Amino acid sequence: MKPPKPYRAPSWLPGGQAQTLWPLLIKPQPLKLRRERWTTPDGDFIDVDHLDGPADAPLLVLFHGLEGSAQSHYALSTAHACKAAGWRLALPHFRGCSGELNQRPRAYHSGDAEEIDWILRRLHATNGGRKLHAAGVSLGGNALLKWAGEQGSAAGERVTGVAAMCAPLDLAACGHHLAKGFNRIYTRHFLSTLKAVSARRLQQFPGLFDEARMRRAINLYEFDDAVTAPVHGFAGADDYWLRASAKPWLKSIAVPALAVNPKNDPFLPSRFLPTAADVSAFVRLEQPEGGGHVGFVTGPFPGSLDWLPQRLLHFFLYETS
């Protein structure tokens with residue numbers, strides 16, 4: 001496999017906003033995936049979609065972003081790339097993201113390293129000693145990097161390495177930035193689904209959080225302060241954003257790691273991106289000028305979404321040994 005060229009946005013698609021939104025219009029066609037339902041340690045469930053392949057093939061696990069799923073454009077493009085390469089792929093859904101409401105009060109959050117840990121442990125236990133690669137996109141990337149930092153060298157007992165695409169490494173910077181200007185369109189999109197699911201969860205568990213505050217929330221800070229924080233044991237949005245951010249954990253990572261963060265990502269201003277002084281020697285930082293938030297469109301109009309999965313496959317094939 002040839003290494004993908006350093007990412008460079010096509011001239012016909014300028015700006016981080018366009019580069020973020022365009023992939024929604026050129027999503028690859030879905031592939032047939034095999035779904036498993038797993039019982040969680042606390043008696044809940046998650047659904048994991050699998051692309052099967054040769055028994056001895058590497059297994060890539062991809063954790064999705066906020067309100068994402070196995071049908072997100074980056075998941076579909078990665079599934080097609082894995083099929084072409086003869087790899088196996090596992091796409092775990094965070095709780096409540098597979099189309100059915102989960103059964104416990106907790107949902108998922110940006111620093112959910114505990115959930116990442118048991119998923120990777122289960123995949124490792126059933127993988128027969130074959131290579132297991134772990135990647136995450138946006139929220140999933142932040143949670144994965146936080147997990148790797150918490151685990152230190154022990155992460156290498158389960159995965160060859162970790163890769164994160166457009167992880168919101170500083171949640172406070174990301175959350176406040178999404179409340180400004182055009183970025184509010186993303187906030188409205190997230191809140192529309194988050195509020196709907198939260199309202200259904202409140203019917204299951206009356207008194208879990210303040211419904212009036214949830215419905216009044218007009219940005220992620222207000223939603224996280226009203227819902228995410230109390231449901232998941234944080235003192236409030238500030239405490240959640242501080243403790244769930246992966247950036248402070250990057251110095252503790254002790255397995256090969258890739259963190260790709262475009263400088264024009266509308267979710268995280270470039271001044272908050274980590275530098276070499278913020279990470280361990282195991283972490284490779286790639287911060288291209290363009291790409292948007294999980295965009296990475298390449299080629300002539302209407303473009304392709306091949307760059308992200310090819311970067312992941314090359315990293316795990318050649319840069320983790």
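Among the residues that make up segment 302-311, is at least one of them farther than 18 Å from Lys2 by Cβ, open to solvent by 20 Å² or more (accessible area, probe 1.4 Å), modelled with pLDDT of 95 or more and acidic (Asp, Glu)?
no
Using the structure shown, decide if Arg201 is over 30 Å from Ala281 (Cβ atoms), surrounded by fewer than 17 Cβ atoms within 10 Å (Cβ to Cβ), over 19 Å from the mean Cα position of the chain (by Cα) and of a type outside the set (A, V, I, L, M).
No.
Within segment 60-86, how many residues turn out to be within 17 Å of Val137 (Cβ to Cβ), over 15 Å from the mean Cα position of the chain (by Cα) and either modelled with pLDDT under 95 or of a type outside the set (Gly, Ala, Ser) (or both)?
2
Go through segment 149-204 and count every residue that is among the basic types (Lys, Arg) and touching a residue at least 40 places away in the same chain (Cβ under 8 Å).
Qualifying residue count, segment 149-204: 2.
Provide a single number: the residues in segment 270-298 that are charged (D, E, K, R) and either at pLDDT below 95 or crowded, with 17+ Cβ neighbours inside 10 Å (or both).
Result for segment 270-298: 0.
What's the total number of residues in segment 211-244 that are over 24 Å from Gly99 (Cα atoms) and open to solvent by 60 Å² or more (accessible area, probe 1.4 Å)?
9
Could you list all residues from segment 38-61 that are open to solvent by 20 Å² or more (accessible area, probe 1.4 Å) and under 20 Å from Ala113 (Cα atoms)?
If the condition is that a residue be open to solvent by 20 Å² or more (accessible area, probe 1.4 Å) and under 20 Å from Ala113 (Cα atoms), then Thr39, Pro41, Asp42, Gly43 are the ones that fit.
May I ask you to verify whether Lys251 is basic (Lys, Arg), in contact (Cβ under 8 Å) with a residue 40 or more places away in the chain and surrounded by fewer than 22 Cβ atoms within 10 Å (Cβ to Cβ)?
yes
Taking Ala163, is it in contact with a strand residue (DSSP E or B) (Cβ under 6 Å, 6 or more places away or on another chain), of a type in the set (Gly, Ala, Ser), open to solvent by less than 20 Å² (accessible area, probe 1.4 Å) and not in a loop (DSSP other than H, G, I, E, B)?
yes
Could you count how many residues in segment 301-321 are among the hydroxyl-bearing types (Ser, Thr, Tyr) and assigned to a helix (DSSP H, G or I)?
Total satisfying the criteria: 1.
The values are calculated or read from the model by the stated rules, or taken from the named source; none is laboratory data. Keep in mind the model is a prediction, meaning the values are calculated, not measured. Glycine also receives a Cβ, built like all others from the backbone with ideal geometry; neighbour counts cover every protein chain displayed. Just the protein is used for accessible areas: all its heavy atoms, side chains included, with ligands, DNA and RNA removed. Shrake-Rupley method; radii C 1.70, N 1.55, O 1.52, S 1.80 Å.
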